[in-house]
Amino acid sequence: MDIEIPSKYNASEVEKKWYEYWLRHKHFHSEPDNREPYTIVIPPPNVTGVLHMGHMLNNTIQDVLIRRARTKGYNACWVPGTDHASIATEAKVVNKLQEEGIPKSSLTRETFMKHAWEWTDKHGGIILNQLQKLGASCDWDRTSFTMDKECSTSVIKVFVDLFNKGLVYRGARMVNWDPHAQTAVSDEEVIHKEEQSKLYYITYQIVGKPDESVRIATTRPETILGDTAVCVNPNDERFKHLAGKKVIVPLVMREVPIIQDEYVDMEFGTGCLKITPAHDENDYNIGLRHKLDCIDIFNNDGTISENGELFVGEDRFVARDKIVSELQKAGNLEKVEDYTNKIGYSERTNVVIEPKLSTQWFLKMKDLCAPALENVMNDEIEFFPKKFKNVYRHWMENIKDWCISRQLWWGHRIPVYYLSDGSFVCAESEDEAVRTAQEKTGNKNLTASDLRQDEDVLDTWASSWLWPISVFNGVTEPDNPEISYYYPTNVLVTGHDIIFFWVARMIMSGYQLRDEYPFKHVYFTGMVRDAQRRKMSKSLGNSPEPLDLIEKYGADGVRVGMLLCSPAGGDLLFDESLTEQGRNFASKIWNAFRLIKGWEVSEDEKQPNYAVAGIAFFEEKLKEAQKLLEEQYSAYKISEALMTVYRLFWDDFSSWFLEIVKPRYGSPIDKTTYTQTISFFETMMKVLHPFMPFITEEIWQRLEERTDGETIMFECLPTITNYNQKLTDSYATCKEIVAGIRGVRKEKQIPFKEGINLFIKGIGTDTQTQAVIKKLGNISTIEFTEEEQKGATSFRVGVREFYIPIAGTNSEEEKEKITEELKYTQGFLKIVDKKLLNEKFMAGAPQQVIDAEQKKKTDALEKIDMLEKRLDSL
């Protein structure tokens with residue numbers, strides 16, 4: 001143990017030392033034993049990602065919870081890992097290859113995958129190393145990756161199982177197509193942005209009637225190349241005479257029918273709707289009802305295909321401008337208006353999504369979502385905050401089948417194998433596929449060369465939805481000791497933006513595979529925004545570099561700063577001054593530690609009464625705070641829990657307790673008081689540890705000699721169920737009295753070194769409390785009286801009146817001060833009376849709230865009476 005305590009706390013040195021110590025002694029590692037487990041699985045960040053402010057918040061909260069669990073005696077296990085992130089990672093690899101002059105199209109799948117794995121091995125895991133700087137106490141021996149052998153085997157096994165149950169099917173459906181990544185994406189991966197667009201009014205000539213036409217309005221004139229009908233409402237009198245007729249699609253000069261369907265809103269636009277079944281979901285459904293042709297005019301990269309006939313090979317937006325120009329020349333463009341609408345963008349690549357008819361693999365969701373919805377709504381799985389239950393319910397009640405195939409190479413390849421006649425089999429391996437195909441065809445001579453595996457991979461979320469199960473080998477070995485011990489997990493901490501992507505689907509897989517929820521609680525964090533409520537982003541320049549913050553303010557300071565502005569489920573308005581406040585708090589803790597360790601301790605010194613009282617007071621205050629912390633942790637009020645500890649240390653411990661017990665200048669402290677102070681400080685470090693792991697470990701190790709391998713993180717805190725409220729109330733009253741004395745000293749400019757006398761009218765105080773008042777107020781004598789003290793300055797605390805005789809007290813000034821206080825108290829009483837006379841409040845408020853308001857009224861009346869009498873006496 002170091003004897004010399006540095007004058008300043010060196011965060012970077014301390015953090016490096018203790019993190020290496022924790023790793024060396026495997027303090028984060030967990031194995032099943034006879035303790036109750038407490039399990040969290042990390043939301044796996046993208047394997048090639050880097051730490052951002054959202055990660056900082058999310059992982060700080062997880063680390064607080066896991067460290068708290070250790071102090072409560074649980075076998076805590078926090079499983080880290082990363083996600084292979086199909087679209088994002090493949091895009092990075094493709095860009096890297098392009099920079100080297102290698103187009104993806106020139107590579108075989110196997111060669112591309114080698115490049116992808118090289119990229120992943122080089123850049124993967126950086127973010128996990130960065131999390132260690134934050135103090136994340138993950139069990140790094142358990143680090144998983146959604147493309148590792150176990151996870152991959154699990155994903156394929158589950159796909160085959162769902163296929164065999166009839167829940168997976170292949171079909172042509174309208175999907176969200178990302179032309180940049182050239183893959184389908186799910187509805188949840190589409191971000192809708194409001195934009196200023198154009199509405200183009202185009203005329204379609206009626207066949208056989210050169211002087212008559214219908215007018216349609218569209219925001220996407222390029223899609224007229226794929227029009228196969230014009231639709232009107234059968235109840236629209238304006239168009240009834242056109243039933244059965246045809247129109248000519250401009251430019252391509254294609255004759256298409258005028259059809260009738262009640263889907264058309266007669267009040268919207270022109271009442272006439274162009275139908276492009278291949279490029280609009282609603283048009284597609286109308287096309288199915290009316291058996292229309294489906295003309296796909298786009299290539300996978302968003303350029304015009306041969307089917308479009310005109311502007312073949314042109315980008316869709318270039319083609320739009322050219323088509324508008326041609327329509328104008330042809331006389332078919334009637335007018336163009338400004339129009340505000342919402343346009344879907346790919347979440348991953350930020351390009352405009354193209355609705356496209358495509359053959360994909362889908363997972364039936366109706367049966368899967370039933371138990372997942374029921375068990376959230378009945379609180380078998382609890383959401384924090386509760387408001388997200390309704391968001392979840394709305395999505396689940398309107399759920400669509402999940403498009404689980406992606407047109408990529410990086411990911412889990414779909415385990416479907418096609419025969420030459422187009423039929424297919426589903427199997428976990430190529431060998432199994434051959435055996436299945438032989439049985440299906442009756443041809444025992446079939447070999448692997450006769451089969452062709454599906455080119456597509458599974459949606460990334462089709463692996464991460466198994467995460468709480470697959471990280472414990474629960475799919476491949478459903479009864480293994482680890483899954484039986486650690487599953488279900490205790491809590492999932494995640495952003496509410498992936499409630500559908502991930503949370504809902506994990507709940508579904510939990511009930512589907514194990515008939516059990518994957519986690520008992522879900523704690524939703526908010527988005528990290530700047531002070532102007534803008535989302536943090538590199539492009540706006542409002543997103544600080546997390547590692548720079550840690551370097552500047554220390555990991556503990558950053559953790560405190562993040563949590564100080566982080567309400568559950570609400571957006572975090574990040575302000576760097578809060579991380580500075582966190583650093584200052586660490587300095588406050590360090591300075592308090594140095595102060596205590598700097599005291600001279602005497603075995604012979606008698607314990608003074610003020611110290612006896614201070615210890616009794618703070619012991620109950622500490623219990624009160626610990627009881628409150630139990631409630632706050634249980635409700636996932638993590639920021640409030642931090643504030644409870646923050647105030648306990650800064651206010652009650654440093655500003656009050658240490659002031660009470662510290663020895664007079666130049667004098668030693670008695671051994672009993674010193675020992676108890678050190679004990680309190682150690683308990684404070686244990687309470688603070690989940691929030692500030694580094695400084696608490698450093699100080700705990702310095703408080704007394706420790707053996708190698710000992711750590712604060714396994715120091716258990718007792719569960720506090722009650723405390724002496726009478727004593728904490730006395731403590732609060734004592735602080736009010738001292739504050740009143742200090743207020744008089746300040747007002748009358750009486751230096752602290754000058755002793756004053758105090759008269760108390762009302763209920764007496766015990767000797768020990770008087771000792772505290774005397775010390776903190778530098779009171780020479782305390783006398784109890786039944787009479788008001790004329791010529792004295794007064795203040796009131798509760799039912800007691802306090803008088804401080806001061807030579808030359810100005811009665812007019814005193815009367816003015818009391819009159820002002822009387823007016824304030826009378827105004828306060830009116831507010832309380834108004835509340836108590838409100839029938840709605842009295843009928844709906846809990847009894848304890850009503851009782852509190854009644855007490856406010858009683859106290860106000862007593863204070864008014866005292867102030868009025870005091871005025872009369874003056």
Legend entry - Between segment 586-636 and segment 667-684, the Cα center-to-center distance that results, in Å: 8
Inset, instruction - Only loop residues by DSSP count here, and only those with at most 15 other Cβ atoms within 10 Å; note down the trypsin sites (Lys or Arg not before Pro) in segment 144-228 that meet that. - result: Lys165
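Past 28 Å, Cα to Cα: identify those pairs from Lys552/Lys746; Lys165/Lys400; Lys8/Lys122, in the order given. All intermediate terms of the calculation are to be shown ahead of the outcome.
Values: Lys552/Lys746 38 Å; Lys165/Lys400 18 Å; Lys8/Lys122 39 Å.
From the list (Lys552/Lys746; Lys165/Lys400; Lys8/Lys122), the Cα-Cα distance tops 28 Å for Lys552/Lys746; Lys8/Lys122.
Kindly state, to the nearest 0.05, the FRET efficiency for Phe752 paired with Gln848, given R0 = 35 Å and r defined as their beta-carbon distance. If you can, show how the numbers build up before the last one.
Values: r = 40 Å, r/R0 = 1.14.
Calculated value: 0.30.
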Legend entry - Amide hydrogen neighbours beyond the local backbone of Asn341, cut-off 5 Å, H modeled: Glu195, Ser197
Inset, instruction - Report in % the part of the accessible area of segment 167-288 that belongs to carbon and sulfur, leaving out ligands and nucleic acids; probe 1.4 Å. - result: 45
Inset, instruction - Take the cross-link list Lys597/Lys726; Lys274/Lys356; Lys761/Lys815 and give me the ones stretching past 22 Å between alpha-carbons. - result: Lys597/Lys726
Inset, instruction - Send over a whole-number figure in Å² for the accessible area per residue of the chain, probe 1.4 Å. - result: 46
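Pairs Lys17/Lys775; Lys535/Lys686; Lys606/Lys735; Lys198/Lys245; Lys92/Lys387: which are spaced more than 31 Å apart, C-alpha to C-alpha?
Flagged as over cut-off: Lys17/Lys775; Lys535/Lys686; Lys92/Lys387.
So in the chain, what percent of DSSP beta bridges are antiparallel if you round to the nearest 5?
Numbers: 66 of 96 bridges.
Roughly 70 percent of the DSSP beta bridges within the chain come out antiparallel.
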Inset, instruction - Pull out a ≥ b ≥ c, the square roots of the eigenvalues of the alpha-carbon gyration tensor of segment 617-719, then state rounded if a/c is under 1.5, prolate if not and a/b is larger than b/c, and oblate in the remaining case. - result: oblate
Inset, instruction - Treating cross-link reach as a plain straight distance, find the aspartates and glutamates whose alpha-carbon is under 12 Å from the alpha-carbon of Lys72, omitting any fewer than eight places away in the same chain. - result: Glu36, Glu630, Glu715
Legend entry - Label-point gap, in nm, between Thr858 and Asp651 - each point 7 angstrom along Cα→Cβ: 2.4
Legend entry - On Cα atoms only, tilt of 109-123 relative to the major axis of the chain in degrees: 10
Inset, instruction - Provide, for q = 0.20, 0.32 Å⁻¹, the log10 of I(q)/I(0) from a solvent-free Debye sum over equal Cα point scatterers in segment 831-873. - result: -0.63, -1.06
Legend entry - Pairwise centroid distance, computed over Cα atoms, of segment 818-874 with segment 294-323, Å: 76
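Can you send over the carbon and sulfur percentage of the accessible area for segment 513-671, probe radius 1.4 Å, protein chains only?
On the way: 3060 of 6910 Å².
Heavy-atom surface of segment 513-671 belonging to carbon and sulfur, 1.4 Å probe: 44 percent.
For segment 1-72, what % of the accessible area comes from carbon and sulfur atoms, probe 1.4 Å? Spell out each step's value before the answer.
Numbers: 1690 of 3200 Å².
Carbon and sulfur: 53 percent of the exposed surface of segment 1-72.
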Legend entry - Neighbour-limited loop hits for GluC sites (Glu not before Pro), segment 721-776 (at most 12 other Cβ within 10 Å; DSSP other than H, G, I, E, B): Glu754
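Filter the GluC sites (Glu not before Pro) in segment 587-684 to those in DSSP coil with at most 10 other Cβ atoms within 10 Å of their Cβ, and list the result.
Numbers: sites: Glu600, Glu603, Glu605, Glu619, Glu620, Glu624, Glu630, Glu631, Glu640, Glu659, Glu682; in loops: Glu600, Glu603, Glu605.
When the GluC sites (Glu not before Pro) of segment 587-684 are filtered for loop state and at most 10 Cβ neighbours within 10 Å, Glu603 remain.
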Legend entry - Partners for Lys444 among aspartates and glutamates (Cα-Cα distance below 20 Å; same-chain residues under 8 apart left out): Asp421, Glu428, Glu430, Asp431, Glu432
Legend entry - Residues of type aspartates and glutamates that Lys790 reaches as a straight line, Cα spacing below 17 Å, ignoring anything fewer than 8 places off in the same chain: Glu801, Glu812, Glu813, Glu814, Glu816, Glu868, Asp872
Inset, instruction - Mind pulling the angle between the C-alpha long axis of helix 366-377 and the longest principal axis of the chain? Nearest 10 degrees, somewhere in 0 to 90. - result: 10
Legend entry - Separation between Cα centres of segment 494-555 and segment 33-100, rounded to whole Å: 10
Inset, instruction - Compute the acute angle (0 to 90°) between the alpha-carbon long axis of helix 811-836 and the principal axis of greatest extent of the alpha-carbon atoms of the chain; round to the nearest 10°. - result: 40
Legend entry - Glu100 versus Ile831: modelled label distance in nm, points set 7 Å from Cα along the beta carbon direction: 6.9
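The values are calculated or read from the model by the stated rules, or taken from the named source; none is laboratory data. Everything quoted here is computed from the prediction, not taken from an experiment. Here Cβ is always computed from backbone atoms with ideal geometry, including for glycine, and neighbour counts include all displayed protein chains. Just the protein is used for accessible areas: all its heavy atoms, side chains included, with ligands, DNA and RNA removed. Shrake-Rupley method; radii C 1.70, N 1.55, O 1.52, S 1.80 Å.
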